[in-house]
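Chemist: Take this structure, written in structure tokens, and hold onto it; I'll ask about it next.
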Amino acid sequence: MAIVIMFMYTNNLLAQQSKVIEGVVTSVSEGAPLPGVNVLVKGTSNGVVTDFNGKYSINASSNDVLVFSYIGFANKEVNVGNQIVVNVSLQDDTTSLDEVVVVGYGTQRKSDLTGAVSVVNVDEAKKTVSYDVGKMLQGQVAGVTVQSSGEPGGFVNIKIRGITSFNNNNPLFVIDGMIVDSPYDFAPGEIESMQVLKDASSAAIYGVRGANGVIIITTKKGKTGKIDLRYKSVVGFQNVPNNLSLTDRVGYQTITSAAEINAGLSVVPGNDPSSPLYINNVDTDWQDEAYKTGIIQNHSLTFAGGAESLNYSMNIDYFDNSSYFETPQNYDRLSTTLNLNGEKGKFRYGAKIGYTKSDKENFNEYLPGTSSVIQLLQAIPTMPVYDENRLGGYGGADNLTQRAITLNVIGFNNLIDNSNQRNRFIGNVWGEYEIIEGLKYTLRASADQLDWQTKFFNPPSDLGWYYLTTNEESALDLTSGNETRTIVDNLLSYSKEIEKHKFDVLLGWVQERFDHYNHISRGVGFEPGEISHIEYADDISAREYESTITSLSYISRLNYSYDDRYLLTANFRRDRSSLFPSKNNTGDYFSVSGAWKVHNETSINLPEVINTMKVRGGYGQLGNNTIANYGYTGTVNGFASYAFGNNLAPGTTAVSLKDPNIKWEDTETINAAIELGMLDNKLNVTVEYFEKKSTNLLADVPLPFSTGSFPASITTNAAAVKNNGFEFVVGYNNSDNEFKYNISANLGTLKNEVLKIGLDGNPINGTGSRTEVGRSIGELYVYEVEGIFQDQAEIDAHAFQSSAAPGDIKYKDLNDDGLITDDDRSFQGVSIPKYSFGLNFSSSYKDFDFSCFFQGSGGNKVINGTYHDLMLGDYVNHHTDMLDFWTPQNTDTNIPRPIIGDPNGNNRLSNRFIENGDYIKLQTLELGYTVPLKDTKIVQRARVYVSGQNVLTISNYKGYDPDFNNGGLFSRGFDFGSFPNPRGFMFGVEVDF
């Protein structure tokens with residue numbers, strides 16, 4: 001007996017003794033070694049990472065289990081036993097069938113989705129180097145349109161499946177379960193996965209926040225095993241891809257002099273060769289002076305590791321973008337993020353802590369709504385950039401010699417201090433406990449706090465006779481404030497399988513609070529060179545504003561599956577918000593969707609080429625609460641005294657009228673789709689139809705001036721709009737040979753129609769556009785040009801045009817009333833692209849990789865406001881097309897005569913300024929090389945690459961870029977002079993230690 005016990009004790013001791021386990025990890029599909037695979041002794045923090053040749057060595061005992069994990073491959077567990085050599089082959093986990101995607105308040109297998117959820121190829125999206133996640137989405141997802149500009153840190157405009165509101169159409173962002181209004185302060189390199197919820201069946205769980213679509217972002221998490229250290233760096237150069245053709249000094253003086261003569265004026269001395277004040281020694285090319293080479297750089301350092309009980313991922317990211325403009329308008333950001341996750345028995349837990357500090361120097365507008373780009377192009381060539389004789393040291397125009405109202409944009413932006421500093425903290429703590437098998441309770445608390453400071457200082461300066469800032473006008477504006485959003489989620493989920501039936505149920509309670517505070521100070525009156533502190537101002541004023549918004553929501557969802565063939569999803573959410581009066585502060589929203597996996601039907605034999613086939617469809621309702629705080633409460637002036645005879649009586653008067661019955665905007669969606677997987681799932685195709693109808697939209701309805709309301713309108717639920725279209729997604733992946741490649745393409749169509757505006761259907765006018773019932777939002781609405789009047793007889797025979805003369809534009813009398821009036825304008829095309837698309841190609845051969853990405857849109861018309869402002873034919877600079885202006889000797893032209901004052905309205909918005917908005921862009925181009933590393937214990941992987949961004953644009957557009965950013969809704973098709981998207985060339989390195 002003693003011998004038996006001793007034998008068992010010895011065996012147990014030997015089993016517990018550590019030994020060295022070695023092996024090689026390879027890919028099943030390719031047989032190639034896999035570097036960077038995590039090899040972990042299960043239940044411990046003991047782990048290593050495979051080297052470049054897939055080799056590893058780890059200490060383990062016979063009773064241990066080794067866990068092999070690698071991104072893109074299925075995890076594998078191996079019992080050590082008596083082995084000392086453990087070679088492992090990992091199976092690819094790249095098939096979309098079993099891919100787990102994040103949805104609202106949970107996850108699902110992609111194959112089980114019944115709603116319109118697009119999974120973004122994050123690796124491809126990240127090849128667009130940008131400060132904003134939104135820019136990375138451009139062309140990557142069908143139905144998602146993105147407008148941006150080249151301004152460092154500028155606003156990015158995103159719309160999902162059209163326009164659903166007359167107010168805010170930006171989607172909701174959810175980052176690691178935290179709801180944020182925008183990812184402006186978020187480092188894109190941190191993203192692990194990204195999903196776009198596009199219909200009500202997928203987004204209804206977010207209720208009033210989901211009408212514009214939802215973008216769910218999951219950041220990188222720690223993994224068990226040895227610490228993983230990764231460094232990424234990219235540095236690039238940016239410049240404006242092309243310059244516009246502008247007149248030089250001679251051309252400018254020729255056109256402007258002709259405009260003065262045609263108006264019966266004398267030529268200004270600066271343009272008159274016979275004058276002693278004639279300017280012939282200044283010929284400024286403002287584009288050459290203003291545009292330089294900008295620098296863009298992004299550096300990221302990530303630490304990851306840990307054990308099952310607690311793993312971590314910490315990222316430090318620095319982004320800097322210096323403008324391609326000869327001004328200090330730069331943007332830089334430092335971000336830090338720490339993700340913690342762990343598991344102990346039935347308890348799972350985690351936390352996210354992030355901090356971002358950013359600084360942005362803003363471009364300046366002399367008047368609201370003006371453009372620095374337009375003002376730069378209109379700057380006259382006879383004005384110098386620098387002039388030491390003027391206060392501030394920059395050049396300006398003179399009223400006597402030049403008479404031009406022209407701004408030195410370089411000087412204006414360098415003299416003014418317009419800075420914005422932001423500090424943002426986000427925190428998220430959560431815990432999940434499995435009460436019984438399948439029943440889990442989750443508590444999540446998150447906070448998002450933003451503190452900001454802005455400074456605008458306009459010192460005394462002399463930038464010309466019109467742009468003169470005196471000591472008394474010099475002003476300092478300081479703004480500081482903070483916003484805090486806190487959210488508490490209480491979630492209860494239950495999963496159960498009963499034979500062929502599978503149930504997933506979610507119930508939840510969500511409480512949210514948003515606090516806003518703003519302090520504004522203004523100081524007026526500074527001496528030249530005086531310190532720009534408010535205490536030095538001659539006159540000081542200040543004001544404050546604060547508000548609080550609260551909401552309470554109840555959420556529920558049911559996912560049901562029968563035999564992995566028939567799928568059903570139902571969502572319901574009730575929202576209550578302080579933004580609306582008590583009688584209308586509650587909204588109920590729901591969705592239902594289903595899917596049929598045809599390939600799992602035993603009674604249906606699909607063709608051999610088809611591996612999977614799923615048909616899905618859904619219907620649902622969503623809400624939108626994009627209304628200003630206290631939007632249902634009118635304001636009054638309690639100091640409105642009135643004189644009765646000789647007595648002054650105190651009184652109160654209404655300032656603005658509000659609708660006390662205002663309520664939520666509502667959106668309902670219908671969609672149907674078919675998904676196919678073919679050729680061993682190498683080829684995947686999705687075709688989908690959607691329709692979105694938004695009602696009770698908030699719109700401004702005119703009021704009689706007798707109401708005393710300012711403005712003379714009231715915001716109420718008085719509009720409706722519909723969007724519908726098709727989406728096509730095709731992807732093909734081939735990894736069978738040494739040359740591997742992947743092709744993916746998407747195409748989305750969109751038709752927008754206004755169903756209702758106000759109480760009486762009065763159209764809404766924009767800049768060269770009109771929004772009218774039965775047409776799309778912001779459809780172009782201008783005059784039609786018939787030609788140019790050649791003589792007085794032609795003018796007399798035409799419909800009456802006030803002050804018309806030979807050489808002026810002839811407009812079409814559309815209503816045949818003999819007069820050219822506003823009623824002769826007509827619709828000239830939609831401003832919303834009818835289609836948008838993206839095409840990704842990526843490949844690899846041995847240690848080389850190559851990728852390119854094309855993106856574009858079309859079917860829309862654009863009013864080239866930049867070209868319009870260069871064809872005025874007056875005192876500002878001109879496009880070279882203006883040199884071909886009409887004269888009695890030059891009648892074969894479509895360019896009217898230049899004339900100061902433009903009495904005929906040659907420059908009124910007409911179809912001569914309308915162009916096709918179609919374009920195709922080679923958005924990114926990248927070539928990379930993975931450096932072969934042998935027997936190195938420090939560097940596991942190293943890759944270098946070169947890339948181009950905004951490399952090529954195919955378009956007939958006369959402006960800088962047909963992909964311009966216009967945040968306006970009703971004037972979307974008007975190019976106000978957006979900063980052109982720069983062309984960039986980058987050099988990057990990625991190193992794993």
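Values in this text are rule-based calculations from the coordinates and carry no lab data. Keep in mind the model is a prediction, meaning the values are calculated, not measured. Glycine also receives a Cβ, built like all others from the backbone with ideal geometry; neighbour counts cover every protein chain displayed.
Chemist: Mind checking which aspartates and glutamates have their Cα closer than 16 Å to the Cα of LYS937? Skip sequence neighbours fewer than 8 apart in that chain.
Modeler: Here the aspartates and glutamates satisfying the reach criterion relative to LYS937 are GLU22, ASP51, ASP228, ASP992.
Chemist: So what is the diffusion coefficient of segment 458-572 in µm² per second by Stokes-Einstein at 20 °C and 1.002 mPa s, using a Kirkwood Rh over Cα pairs?
Modeler: Answer, rounded: 108 µm²/s.
Chemist: Highest first, please rank the peptides 139-149, 255-265, 76-86 by the mean number of other Cβ atoms sitting within 10 Å of their residues.
Modeler: Descending packing order for the listed peptides: 139-149, 255-265, 76-86.
Chemist: If you don't mind, another one. Which Rg and Dmax, in Å, describe the Cα atoms of segment 586-663?
Modeler: Every Cα atom of segment 586-663 included, Rg and Dmax give 30.7, 98 Å.
Chemist: Continuing with this model, one more query. Only loop residues by DSSP count here, and only those with at most 13 other Cβ atoms within 10 Å; note down the GluC sites (Glu not before Pro) in segment 421-519 that meet that.
Modeler: Answer by residue number: GLU437, GLU472, GLU473, GLU499.
Chemist: Give me the net charge for the shell around LEU468: Cβ to Cβ below 14 angstrom, other residues only, Lys and Arg +1, Asp and Glu -1.
Modeler: Details: positive: ARG390; negative: ASP387, ASP398, ASP462, GLU472, GLU473.
In short, -4.
Chemist: Given C-alpha coordinates of segment 17-90, what is the ratio Rg to Rh with the Kirkwood estimate of Rh? Walk me through the intermediate numbers first.
Modeler: On the way: Rg = 11.3 Å, Rh = 12.0 Å.
Rounded to two decimals, Rg over Rh is 0.94.
Chemist: Let me ask something additional. About the Cα centre of the chain, how large is the charge dipole given +1 on each Lys and Arg Cβ and -1 on each Asp and Glu Cβ? Please answer in debye to the nearest 20.
Modeler: 3920
Chemist: Follow-up. When ranked by the protection proxy of mean other Cβ atoms within 10 Å per residue, highest first, what sequence do the peptides 937-945, 749-757, 605-613 form? Kindly include the intermediate steps, with their values, before the conclusion.
Modeler: Numbers: 937-945: 14.9, 749-757: 19.1, 605-613: 13.1.
Averaged packing, sorted descending, gives the order 749-757, 937-945, 605-613.
Chemist: Assign one of three labels to segment 803-941, namely rounded, prolate or oblate, based on the Cα gyration tensor with a ≥ b ≥ c the square roots of its eigenvalues; rounded applies when a/c is under 1.5, prolate when it is not and a/b is larger than b/c, and oblate otherwise.
Modeler: In terms of gyration-tensor shape, prolate.
Chemist: Once both axes come from the Cα atoms, what is the angle between helix 2-16 and the longest principal axis of the chain, in degrees from 0 to 90, rounded to 10?
Modeler: The angle comes out at about 20 degrees.
Chemist: So which chymotrypsin sites (Phe, Trp or Tyr not before Pro) in segment 634-710 pass both tests, a DSSP loop state and at most 16 other Cβ atoms within 10 Å of the Cβ? Don't jump to the answer; show the numbers that get you there.
Modeler: Numbers: sites: PHE639, TYR642, PHE644, TRP664, TYR689, PHE690, PHE705; in loops: PHE639, TRP664.
Those satisfying the criteria are PHE639.
Chemist: Quick one: Cα centre-to-centre distance for segment 630-687 and segment 726-741, in angstrom?
Modeler: 44
Chemist: Of the labelled options [x] 235; [y] 188; [z] 282, which one gives volume of the Cα convex hull per residue in Å³ as computed for this structure?
Modeler: It is the value labelled [x].
Chemist: Size of segment 100-227 along its principal axes in angstrom, Cα-based, largest extent first?
Modeler: 51, 37, 23
Chemist: Something else about it: Using only alpha carbons, build the gyration tensor for segment 220-369 and give me the equivalent ellipsoid semi-axes, biggest first, whole Å.
Modeler: 61, 15, 11
Chemist: Sticking with this one: How big is D, in µm² s⁻¹, for segment 899-945 by Stokes-Einstein at 10 °C and 1.306 mPa s if Rh is the Kirkwood radius over C-alpha pairs?
Modeler: My calculation gives 92 µm²/s for D.
Chemist: On a 32 Å Cα-Cα criterion, which of the cross-link pairs LYS440/LYS663; LYS220/LYS496; LYS110/LYS440; LYS344/LYS502; LYS223/LYS846; LYS352/LYS740 come out too long?
Modeler: LYS440/LYS663; LYS352/LYS740
Chemist: Any aspartates and glutamates with Cα under 19 Å of the LYS614 Cα? List them, leaving off those in the same chain fewer than 8 positions away.
Modeler: ASP98, GLU99, ASP112, ASP199, ASP563, ASP564, GLU601, GLU675, ASP680, GLU688, GLU727
Chemist: Which lysines, on any chain, are close to LYS692 with Cα under 18 Å apart, when same-chain ones fewer than 8 places away are left out?
Modeler: Straight-distance partners of LYS692: LYS159, LYS198, LYS722, LYS751, LYS756, LYS834.
Chemist: Here's something else I'd like to know. Quick one: net charge around ASP869, please, counting Lys, Arg +1 and Asp, Glu -1 for every other residue with C-beta under 15 Å from its C-beta.
Modeler: -3
Chemist: Ordered by residue, what ³J(HN,Hα) values in Hz, to whole numbers, does segment 552-563 give under the Karplus form 6.51 cos²θ - 1.76 cosθ + 1.60, where θ = phi - 60° and Gly and Pro are x?
Modeler: Those phi angles translate into 9, 9, 10, 10, 7, 8, 10, 10, 10, 9, 10, 6 Hz.
Chemist: Among 165-174, 377-386, 243-252, how do they line up from the highest to the lowest mean number of other beta-carbon atoms within 10 Å?
Modeler: 377-386, 165-174, 243-252
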